[in-house]
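Any read-out appearing in this document is the output of simple, stated calculations on the displayed coordinates, not a laboratory observation. Note that this is a predicted model, so its numbers are computed, not measured. When we count neighbours, we look across all protein chains shown, and the Cβ atoms used for this are built from the backbone with ideal geometry, even at glycine.
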Amino acid sequence: MAKTMTRTAKSKGESAKAEGEAGAMLDDIVQRAKVAFEERSLRFTQLREQVFSEIASTRGSIGAYEILDRLSEKGTRLAPISVYRSIDALIEAGVIHRLESKNSYFACRRHEHGRKGRPIFMACEQCGGVVEVPAQSIFDQVAELAKSADFTPKVKFMEVSGTCAACRDKAGSKGD
């Protein structure tokens, strides 16, 4: 029994530490979003911060109505249009992106797009996680192909769906 209690106390301590680290990471991401808004002379209102925090605290992407539900659970009742307006401002500031295939949103983890080029979004079909991978050369190639075809593309971002390493490893260990 002593071992069980020690493990439980240890796991509670580890859980609190992990929550603290996650909170610090979220604070850092929110601070970077505030800076992005300031750089673009946009207002980072309390509502925009709340919406952004819900998006940023999600590993993958999240839909507008799920954001609305989460905020409602925390006591903030809003009309859907208020969430959509906040989302529009967050996209304009470049702190979130829209995953077109799922009509959902995720926080930008790379704030140097202008310097390093545009990313491709890789979305895991298993866990819903989304990562951004630098891919400016692919966009350059698309622009070159479009020019040769006398075509004007409207591509801002590209999505690739598949399976992340963690899910692939998890699936591989099930067969062991």
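Structure above, values below:
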{"quantity": "Under 5 Å, built H, 5+ apart or other chain: amide partners of SER161", "calculated": "ALA123"}
{"quantity": "Beta bridge orientation in the stretch 54-170: antiparallel %, DSSP, nearest 5", "calculated": "70 percent"}
{"quantity": "Summed side-chain charge close to ALA33 - residues other than ALA33 whose Cβ falls under 9 Å, Lys, Arg +1, Asp, Glu -1", "calculated": "+2"}
{"quantity": "Ranking of VAL35, VAL155 by count of other Cβ atoms within 10 Å, fewest first", "calculated": "VAL155, VAL35"}
{"quantity": "Percent antiparallel among DSSP beta bridges (both partners in the stretch 113-176, rounded to 5)", "calculated": "50 percent"}
{"quantity": "Ranked list, fewest to most other Cβ atoms within 10 Å of each Cβ, for ASP27, ASP150", "calculated": "ASP150, ASP27"}
{"quantity": "Phi-based couplings in Hz for the stretch 42-56 (Karplus 6.51, -1.76, 1.60; Gly and Pro marked x)", "calculated": "10, 8, 9, 5, 4, 5, 4, 5, 5, 5, 4, 4, 5, 5, 5"}
{"quantity": "Sorted by Cβ density within 10 Å, fewest first, the residues MET25, MET122", "calculated": "MET25, MET122"}
{"quantity": "Gyration tensor (alpha-carbon) shape descriptor, the stretch 25-136, a/c threshold 1.5", "calculated": "oblate"}
{"quantity": "Formal net charge of residues neighbouring ALA146 (Cβ-Cβ distance under 14 Å; K, R +1; D, E -1)", "calculated": "0"}
